[in-house]
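Working notes, beginning with the structure itself.
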Amino acid sequence: MQLTKLDRWLKERFIYETHILTLRLPERELPSGVEIEDIEQNKGGDYRHRIMIKDNEIAQNMMQLLKEDHIMHAVHVVEGKNWYNQRIAPEGKSFTYMWILRFISIILVSAGGYGVFKLSQNEELRSTIMDTIEELKSGM
C-alpha cells in the first residue's frame, strides 16, 4: 500500500536508526544521544566501532564531525528493534489508512448501535415484530 507523508515521518522519527562504522573515535566530545559499541574484528571487517544514533539531525552532525576530523566511516540506516515497530509501521500497510478505516468503522458501528437502540424503544415496532414472530411460529 502507498505510504503517506505521515507514515514516512513516523518511520524516520521512531523506527529508523543510523549506524556509523568507524576505524577510530573522534577526539572531540560526542553529542548526547549517541551510543558506541565496539565491534569484534572478524564481524566488522576493518571497522572497530559502531556509533548508533536514533535522531537524524544528530546523525548528520556526527557525520559532519567525522568528515572534519578526516575519519573514515560507513553509514547504514537500519530498522531499530523496538516493540512498537509493528504498530507504527505494519508490513505492507499504511498506518494512516489503517487508523482512518478503524475510525470510520467505529463511527458506523456506533451509529448502527444507536439506531437499533432507538428502534427498540418504539413500542409499536416491537409489537409488530412480536406479532410477526408469533405468526411465523404458528405457521410452522
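The values are calculated or read from the model by the stated rules, or taken from the named source; none is laboratory data. Keep in mind it's a predicted model, so treat the numbers as computed, not measured. With ideal geometry, Cβ positions are generated from the backbone for all residues, glycine too; neighbour counts draw on all protein chains shown.
Observations
- Of all residues in the range 37-68, those satisfying the criterion of being more than 23 Å from the chain's Cα centre (by Cα) and among the hydrophobic types (A, V, I, L, M, F, W, C) are Ile39, Ile51, Met62, Met63, Leu65, Leu66.
- Residue that is surrounded by the most Cβ atoms within 10 Å (Cβ to Cβ), among those in the range 1-36 that are more than 26 Å from the chain's Cα centre (by Cα) and among the charged types (D, E, K, R): Arg24
- Entry remark, the range 76-115: residues being on the phi > 0 side of the Ramachandran plot and modelled with pLDDT of 85 or more number 0 in total.
- Helices (runs of 4 or more DSSP H) lying entirely in the range 28-140 (those with 1 or more residues that are farther than 28 Å from Glu17 by Cβ): 95-120, 123-139
- Scanning the range 15-44 for residues that are touching a residue at least 24 places away in the same chain (Cβ under 8 Å) and either within 13 Å of His76 (Cβ to Cβ) or among the acidic types (Asp, Glu) (or both) yields Tyr16, Glu17, Thr18, His19, Ile20, Leu21, Thr22, Glu27.
- Only one of Ser120, Ser138, Ser127 that is more than 26 Å from Leu30 (Cβ to Cβ) and exposed (fewer than 10 other Cβ atoms within 10 Å of the Cβ): Ser138
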